[in-house]
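The values are calculated or read from the model by the stated rules, or taken from the named source; none is laboratory data. For clarity, every value in this text was computed on a predicted model and none was experimentally measured. Glycine gets a Cβ as well: all are built from the backbone with ideal geometry, and neighbour counts include every protein chain shown. Surface areas here come from the heavy atoms of the whole protein model, side chains and all, with no ligands, DNA or RNA. Shrake-Rupley method; radii C 1.70, N 1.55, O 1.52, S 1.80 Å.
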Amino acid sequence: MSWFPCFNQVFFKWLLFLAPGLFYGQLSDLARIEYTNLPSLSSDLEFVRTRALVNYPIRLNGNGSYLLLGIDYSNINLILGREERPFDQDQIDGFQIFDFNIGYTAKINEDWRFGARIVPGFSSNLSARKLGFADAVLSGDLVFIKDKKEVSGVDVPFRLIVGLSYGGNRGFPYPLPFISYYRKFHPRWSYNLGIPRTNLQFHISERQRLKANLQLDGFTANIQDGLPLDSGSSAESINMSLILCGLQYEFHFSEHLEFFLRSSYIIDRNIQLRDGNKDNILLLDDTHGLSLRTGLRFKI
């Protein structure tokens with residue numbers, strides 16, 4: 001039984017028509033609180049991220065077109081150890097990321113749906129305590145969706161999403177293909193193949209799930225006023241890219257509210273300071289290790 005009967009009867013009844021659209025992944029979440037920790041087990045650097053987001057869908061007409069507005073905020077702390085480094089460590093121990101999500105989705109025909117999202121925002125250490133042009137970032141997505149998960153007469157439910165994604169502050173600051181193919185091939189088993197996330201899911205019960213996953217992660221941020229290095233150069237930004245694989249446990253309190261706990265192994269970690277031309281000038285960390293992530297999701 002849902003914990004939110006009033007919402008189920010009034011709000012979610014029409015909101016679920018949005019589900020075949022763009023808003024899988026990040027934008028399928030109406031609200032989310034998330035905590036991530038990469039402990040310094042095998043390196044001299046610990047990464048801690050606290051993230052909160054909220055999205056609000058607006059129905060534009062009766063033909064399945066929606067506008068979605070939202071905000072996404074992250075506080076990131078880099079906890080450096082005792083290792084000597086050629087710069088003032090206090091200038092890069094904390095970063096703030098704020099995104100404003102503007103999404104649109106509409107039906108193309110009975111089989112396909114179009115989705116687009118533009119995400120202006122800023123990503124910075126805010127050492128100057130004010131925003132500048134260099135702190136601004138822009139991200140976006142353009143996708144096409146074919147969803148047969150809930151359609152009668154389909155022997156094996158599936159969903160296909162193809163498109164292009166660009167993230168100015170996601171750790172991979174160049175265009176990436178966005179591919180997601182979901183299929184439930186057994187009452188207890190399903191999989192999702194794609195970029196930036198792939199998983200194999202075991203449905204333990206109606207409320208509990210276990211996922212084996214592989215995904216890309218990271219962040220990019222400006223360093224205000226530059227970070228002088230002992231070499232005489234100056235670091236103008238920081239970039240962290242991750243490739244993770246691991247297990248995730250989910251408990252679904254209701255159809256729309258879930259708790260998740262994920263433990264991942266870092267296959268590849270690359271944390272670089274970059275100059276004004278976005279060229280890498282100093283490697284901060286490239287060790288493997290563990291990533292722990294937990295949170296609550298209130299989703300479509």
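Where in region 203-242 does the amide nitrogen come within less than 18 Å of the point 7 Å from the Cα of residue 91, taken along Cα to Cβ?
Once the point is set 7 Å along Cα→Cβ of residue 91, 221-240 turn out to lie under 18 Å by backbone N, inside region 203-242.
Could you please state, rounded to a whole Å, how far the C-alpha centre of region 85-137 is from the C-alpha centre of region 236-280?
15
Using the Karplus curve 6.51 cos²θ - 1.76 cosθ + 1.60 with θ = phi - 60°, what ³J(HN,Hα) values do you get for each residue of region 185-190, in whole Hz, with x for Gly and Pro?
9, 7, x, 10, 10, 8
Region 135-187: which trypsin sites (Lys or Arg not before Pro) are DSSP loop and have at most 10 other beta-carbon atoms within 10 angstrom?
Details: sites: 146, 148, 149, 159, 170, 183, 184; in loops: 148, 149, 170.
Passing both the DSSP loop test and the Cβ count: no residue.
Debye calculation, C-alpha points only, no solvent: report log10 I(q)/I(0) for region 41-116 at q = 0.15 Å⁻¹, in the same order as the q values.
The Debye formula, applied to the Cα set alone, gives -0.68.
Taking amide H positions as placed 1.01 Å from N in the peptide plane, with prolines and chain starts having none, which residues 5 or more places from residue 94, or on another chain, fall under 5 Å of its amide H?
Distant-sequence amide H within range of residue 94: 78.
On the accessible surface of region 97-222, probed at 1.4 Å, how many percent belong to carbon and sulfur atoms? Spell out each step's value before the answer.
On the way: 4180 of 6680 Å².
Here carbon and sulfur together make up 63 percent of the probe-accessible area.
Mind checking Rg over Rh on the chain, alpha carbons, Kirkwood formula for Rh? Let's see the in-between values first.
Working: Rg = 20.4 Å, Rh = 20.6 Å.
Rg/Rh: 0.99.
Leaving ligands, DNA and RNA out of it, rank 58, 161 by accessible area with a 1.4 Å probe, largest first.
Values: 58 60, 161 5 Å².
The ranking, largest first, comes out as 58, 161.
Give the accessible surface of region 142-195 per residue, rounded to a whole number of Å², with probe radius 1.4 Å and ligands, DNA and RNA excluded. Could you put the intermediate results ahead of the total?
On the way: 3010 Å² over 54 residues.
For region 142-195, the solvent-accessible area averages 56 Å² per residue.
Please determine, in degrees from 0 to 90 and to the nearest 10, the orientation of helix 5-15 with respect to the longest principal axis defined by the Cα atoms of the chain, where the helix direction is its Cα long axis.
Roughly 80 degrees between the two axes.
Taking only the alpha-carbon atoms of region 165-300, what semi-axes of the equivalent ellipsoid follow from 5 times the gyration tensor eigenvalues under a square root, in whole Å, largest first? List each step's numbers first, then the result.
Working: eigenvalues 259, 43, 37 Å².
Sorted largest first and rounded, they come to 36, 15, 14 Å.
Computed on alpha carbon atoms, what radius of gyration and Dmax characterise region 220-300, expressed in Å?
Cα radius of gyration and Dmax of region 220-300 are 17.9, 56 Å respectively.
Report the net charge of residues surrounding residue 196, where surrounding means a beta-carbon distance below 12 angstrom and charges are Lys +1, Arg +1, Asp -1, Glu -1. Write down the numbers at each step before the final one.
On the way: positive: 170, 197; negative: 141, 217.
Once all neighbours under 12 Å are counted, the net charge is 0.
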